[in-house]
Amino acid sequence: MKWMGSVWDGARTGRARLLTICVTLVVGALILALVSAALLGAYGVVMAAPGARIPFGQGAQPTATPVSVPNYPSGSQRLFAQSGCTPIYSQASASSLELTQLMGGSDVTAIGSAQGWTHVHFWGALDGYIPSADLNAKYPADPQQGDCQFQTVPSPDPSVLPASNGPFAVQTRGVTLRPTTVYTQPDSTSIPQAGLGANAAIAITAWASDHNGSPWYQTRTPAGSGWVWSNDVRIDGPAPAKTTVNGKPIWSPVAGKGMWFTNYLTRHSDMASVLKAAKQAGLTHLYVEVAISEWGFYAPVSLDRILPIAHALGIPVIAWVYPYLHNVAADARMTAQVANYRTPSGDKPDGIVTDVEEQVDPTSVYTYGQLLRALLGPNELLVDSALNPSTSPNYPYAAVAASWNVIAPMDYWHNHYSRTYGPAEVRAFVTNEITTIRNDIKAGGQQLIPIEETGQTYDMFENDFTDGGHSPSAAEITADMQTAHDLGCIAVSFFEWQTATQDEWSALGAFNWK
C-alpha cells in the first residue's frame, strides 16, 4: 500500500532530519574542535551546559574502546541486495520458509554458492539462501525499500480514533503547581467559576480537551464542578525514576541492549527468525513501531505476531508510538489505546516508547506525559525517544522527567557526508549529549531519570538508509556502547534493525553489557 511507504518514510525521515540540522549548529562545530584537541593528546572537553565545560578526566570517564572485528569464514564476501524485497529462504529453494525480505542495499556475508543460490550470513547470527542474481558486490545505484507481500501477513490500514473532545471518565488525584482558575467548561474562554491556590490537592473525575486539543481536568470546588487546565496540575504518583513494579525498577524491561525497527521489518519477516537473531545478539528488548498520529494504531498485527514469541523467549517488546503532539489529547488517546491492547494470545506490550520530535514545546510535552500518567497509572513503563541536545538545544528534558521513566536520546553522529569518523568522535559526542541532558533536567528542578542511549546503525545519506558507505563502523558502535555504559546509562539501543550492517551486528553481539 502506498500509504505504508509514507509511514516508513515519516518515521525514519523525522529521525534522519535531526542529523541534517546538526550540521548547521554551532554546538556541532564546537564538539569537532574539541575532539581534534583530544586527538592531539590533550584532555577532551565537551559542553555540558551553556557556559559550563567539563573535562573527560572528571566524573564518569569513558574507557579505551576495543575494536570488534567480524569473524567471518575464510573466503566470505560482502554482497548487497540489488532491489527491494530481496528474499532470504531457509534452504536453497523458493518453496522453503521465507525468513525475510531485504531492502535494496542491505548487506549480507556470502559464504558459498551453488546452482544459482548464494548461502549467506545475515543479521549477525542467521544463515539463509538468496537467489544469486539478486546480489552483487557493488552497492545499487538507487536502493529502494520495496513494499511486497510477505507470506500471508496483511497490509496495515489506517486506524485513527474518531475525533472527540470528551469528556472521558478518569479517576485520579493531582495537585496544582501554581494559582489557577477553575472554569465552567474545558476552555479558558468559558466563565471562571473559582480559584485555586498553589499546592491545592484536587480529585479528578474526568478529562476533556479544548478546540486546540489541549487537555483539561474536571474537579470539584465549593462552587461546584469545574475544569482546570492540565498544565497547571501535577498528577499524583511516585517519582518516575523511583517507581518499582513487582519489587523491580520500572525500567528493568529496557535494561541492557536493544534494537529499534519500523513496521517494515515486522511486515516482511518471519518473527521466530527475528527473535532468534535478537537472542543470539544478546538483545534484551525491542522497540516495535505500531502507531503514528496521522494513521493511528495502524499495526496491531505486528504486536499479534511478535509478542507471543518474544515473551516465550523472555524478550520485552516496547510498543513504539510516534505522536506529532499537534493535538495532545488525540495523541494521548491513541497512546493509551496501544498501551491497553491485548493480542489474541493475551499478551500486552511491556511498555510504551513515545517518539516525541515534532512538537517539542514544554507545555505540549508536559501535558501529554501527565495525561498519560492519569490514564495509565504509575506502573506503565514510559520511555521517551528524544532529540539530542546538539540537534534541539531547547528540548524539554525536564518536562519529560516529570512523567516518563526513561529518556532515550537519539545520538546519531554520522551527519557529515565527506567526513571520516572514529571512536574518539563517538566518545566525545555521546559524553556531551548525556551530560547536557542530565544538567538540563536538574536545572529544571526535576529528579534525574535513567537514560538509554540510542545509537546509529543507518546511513542518513542513502534513499532507504542502507549502508552506501556512511554508516558507523564496528569500532564506532563499540565506542558508543562502551561510552554509554561508562556514563551510567541503563541501556543502549540502535536505530535501526533492517539497515544495520553485518559489521555493526558483529560489534553489537560481541559487546557484553553488564
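Throughout, read-outs are computed from the coordinates displayed, never taken from laboratory work. Because the structure is predicted, anything quoted here is derived from the model rather than measured. Every residue, glycine among them, receives a Cβ derived from its backbone with ideal geometry; neighbour counts consider all protein chains shown.
The table below gives the values:
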read-out	value
Highest-first arrangement of 193-205, 341-353, where packing means the average Cβ count within 10 Å	341-353, 193-205
³J(HN,Hα), Karplus 6.51/-1.76/1.60, whole Hz, each residue of region 475-481, x for Gly, Pro	5, 5, 4, 5, 4, 4, 5
Separation between Cα centres of region 227-299 and region 434-470, rounded to whole Å	16 Å
Cβ-Cβ FRET estimate between SER225 and ASN136, R0 fixed at 60 Å, reported to 0.05	0.30
Calculated [θ] (222 nm, deg cm²/dmol) that DSSP helices of n ≥ 4 give over the chain, each run adding -39,500 (n - 2.57)	-8500 deg cm²/dmol
Order by protection proxy (mean Cβ within 10 Å, highest first), peptides 158-164, 280-286, 441-447	280-286, 441-447, 158-164
Equivalent ellipsoid dimensions for the chain as semi-axes, Å, which come from the Cα gyration tensor, largest first	41, 28, 19
Förster radius 41 Å - calculated FRET efficiency between HIS326 and ASP486, Cβ distance, rounded to 0.05	0.60
Listed peptides 127-136, 325-334 by packing density, highest first (mean Cβ within 10 Å)	325-334, 127-136
Net length gained if the chain between VAL245 and LEU448 were fully extended (0.36 nm per residue, minus Cα distance)	71.2 nm
Virtual spin-label span in nm between GLN77 and SER190, 7 Å along Cα→Cβ	7.1 nm
Length-normalised contact order for the chain - Cα pairs under 8 Å, 6+ apart - percent	17 percent
Förster-model FRET efficiency, 35 Å R0, GLN151 and GLN280, C-beta, rounded to 0.05	0.95
Label-point gap, in nm, between SER96 and ILE111 - each point 7 angstrom along Cα→Cβ	1.3 nm
In Hz, Karplus ³J(HN,Hα) per residue of region 502-514 (6.51, -1.76, 1.60; θ = phi - 60°; x = Gly, Pro)	5, 5, 5, 4, 4, 5, 4, x, 7, 7, 9, 8, 10
Candidates per GluC sites (Glu not before Pro) in region 318-380, loop by DSSP, up to 16 other Cβ within 10 Å	GLU358
D (Stokes-Einstein, µm²/s), Kirkwood Cα radius, region 124-243, 1.306 mPa s at 10 °C	83 µm²/s
Order of VAL301, VAL317 under a 10 Å beta carbon neighbour criterion, fewest first	VAL301, VAL317
Inter-probe distance in nm under a simple model that places probes 7 Å from Cα toward Cβ, at LEU313 and ASN463	3.2 nm
In sequence order, calculated HN-Hα J values of region 153-164 (Karplus, 6.51, -1.76, 1.60; Hz; x Gly/Pro)	5, x, 6, x, 10, x, 8, 7, 4, x, 4, 7
Gain in span if fully extended, VAL175 to ARG342, counting 0.36 nm per residue against the direct Cα distance	56.9 nm
Student exercise, region 328-460 dipole from Lys, Arg, Asp, Glu Cβ charges, in Debye to nearest 20	280 debye
Loop chymotrypsin sites (Phe, Trp or Tyr not before Pro), region 419-472 (other Cβ atoms within 10 Å of the site Cβ: 10 or fewer; DSSP)	none
Bridge type composition, the chain - antiparallel percent by DSSP, nearest 5	60 percent
5 angstrom amide H check on SER493, placed H, neighbours 5+ away	GLY258, GLU453, THR454, GLY455
Euclidean distance of C-alpha centroids, region 119-140 and region 416-432, integer Å	30 Å
